[in-house]
1. Rg(Cα) of the range 165-216 divided by 2.2 N^0.38 Å?
2. Starting from the 7 Å offset along Cα-to-Cβ, what nm value, one decimal, do you get for the label separation of Y184 and A158?
3. First select every other residue whose beta carbon is under 12 angstrom from the beta carbon of L84; then total the charges, Lys and Arg +1, Asp and Glu -1.
4. Please work out how much length the chain gains when fully extended from E150 to E209, using 0.36 nm per residue of separation minus the C-alpha to C-alpha distance, in nm with one decimal.
5. Roughly what % of Cα-Cα distances in the range 18-123 sit above 20 Å, to the whole percent?
6. Among A187, Y61, I201, which residue has its Cα furthest toward the positive end of the charge dipole of the chain, with +1 on Lys/Arg Cβ and -1 on Asp/Glu Cβ?
7. Please report, in debye to the nearest 20, how large the charge dipole of the range 188-229 is about its Cα centre when each Lys and Arg carries +1 at its beta carbon and each Asp and Glu carries -1 there.
8. Using the Kirkwood formula over every pair of different C-alpha atoms, what hydrodynamic radius in Å results for the chain?
Amino acid sequence: MDFTPRINIRQTYDRFDAPVTAVDCGRMCAPHNPDNKPFCCDICEAVPAAYHQEWAYLQEYTDLWHAWRGDECVRNPEDPAELLAETPEHMVLLACQGPEHCQRNYRAMSCRQFPFFPYVTSDYRFVGLAYAWQFEFSCWVISHLGAVTEAYRREFVAVYDEIFALWQEEFESYAICSEEAREYFAAQKRRLPLLHRNGGIYLVSPASERMRRVRPEQLRRFGPYRESG
Ligand code: SF4
Ligand code: SF4
């Protein structure tokens with residue numbers, strides 16, 4: 001039996017539409033990508049995932065997307081088997097026509113949330129936004145967490161509060177992802193940066209999960225963003 005709740009995709013998109021930062025962050029990161037595209041819009045770097053009902057909605061209203069095949073990245077075609085095996089059952093992998101053809105109105109949830117995911121503590125509280133650590137050296141936003149707008153954070157939290165109230169499976173998948181984040185930062189002997197839903201920025205100890213509030217300028221920058229800002 002399918003326990004997936006009905007989510008109003010259009011309404012969810014409209015409530016989650018604020019830009020991540022006031023500046024166009026794609027212009028900040030693209031010059032550092034050999035393909036000269038924003039990393040999160042480059043299929044060689046990130047494969048978007050959508051809920052099945054989101055995919056049904058997108059197919060009805062736009063030709064922007066197609067089901068990911070694995071051969072879209074010309075310089076490095078992938079064997080789809082591995083990534084498909086890692087994809088949760090309630091999601092489908094997609095590819096868009098590329099940033100030059102982006103239709104802002106029809107960006108998937110995974111475009112809107114990038115580079116963040118809802119961070120869930122080990123005692124099952126959704127406390128804020130953590131970032132996809134795999135993109136530390138490519139995503140400009142990760143090196144500029146203080147630039148994330150309050151509107152974006154508010155919309156992110158409100159939309160996922162709604163989704164989690166309806167959909168336990170989705171909450172569980174982010175609880176697992178958050179656990180993986182703690183394992184990654186623990187192995188690195190680093191604390192995990194968190195945009196807390198209360199508006200503050202915190203560093204979270206991956207072992208004790210104690211949080212300490214910090215100023216944005218205390219946070220680490222990565223790769224090409226270390227010096228240049
Ligand atoms: S979210 Fe990160 S990777 Fe995507 S366009 Fe902005 S800076 Fe680039
Ligand atoms: S739909 Fe737009 S924002 Fe999303 S991956 Fe494609 S180009 Fe980027």
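1. 1.25
2. My value for the distance between the label points is 2.9 nm.
3. Counting the neighbours of L84, the net charge comes to -4.
4. 18.8 nm
5. It works out to 43 percent of all Cα pairs.
6. I201
7. Approximately 140 debye in magnitude.
8. When all Cα pairs of the chain are included, the Kirkwood radius is 18.4 Å.
Just so you know, all these numbers are worked out from the coordinates, no wet-lab data involved. On a predicted model such as this, the values are computed, not experimentally measured, just so you know. Because the Cβ atoms are built from the backbone with ideal geometry, glycine has one as well, and the counts that use them run over all protein chains shown.
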